Amino acid sequence: MNIDWAALGQVFGVSLVATVALVGLFTLGIVGTSRRTRTQPDGTATVTAPGSLARTGAYVCYGLCLAAVAYGIHLIVA
């Protein structure tokens, strides 16, 4: 049995980069849709919803994650 170490290294590298990118995109989506708590000087806390630009960016991140997962499933099935 002969192992092509260069090809194995390439598969590992591409898998690592794709995984980090996908997790990063999903994390940006979560941050974009999360509510923020701010403490006022008098000690009270206010909760603010994300703005429309942050929410739109989060939905774009979620869409890119969905496209990457769909492409991966397509590669496995085809």
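The values are calculated or read from the model by the stated rules, or taken from the named source; none is laboratory data. If you're wondering where the values come from, they're calculated on a predicted model, not measured in any experiment. With ligands, DNA and RNA removed, areas are computed over all heavy atoms of the protein, side chains included. Shrake-Rupley method; radii C 1.70, N 1.55, O 1.52, S 1.80 Å.
Quick one: length gained pulling PHE12 to VAL69 fully straight, 0.36 nm per residue minus the C-alpha distance?
18.7 nm
Mind checking the per residue accessible area of the chain for me, 1.4 Å probe, whole number of Å²?
Value returned for the chain: 81 Å² of accessible area per residue.
Decide, for the chain, between rounded, prolate and oblate: order the square roots of the alpha carbon gyration tensor eigenvalues as a ≥ b ≥ c, take rounded if a/c falls under 1.5, and otherwise choose prolate if a/b is larger than b/c, else oblate.
prolate
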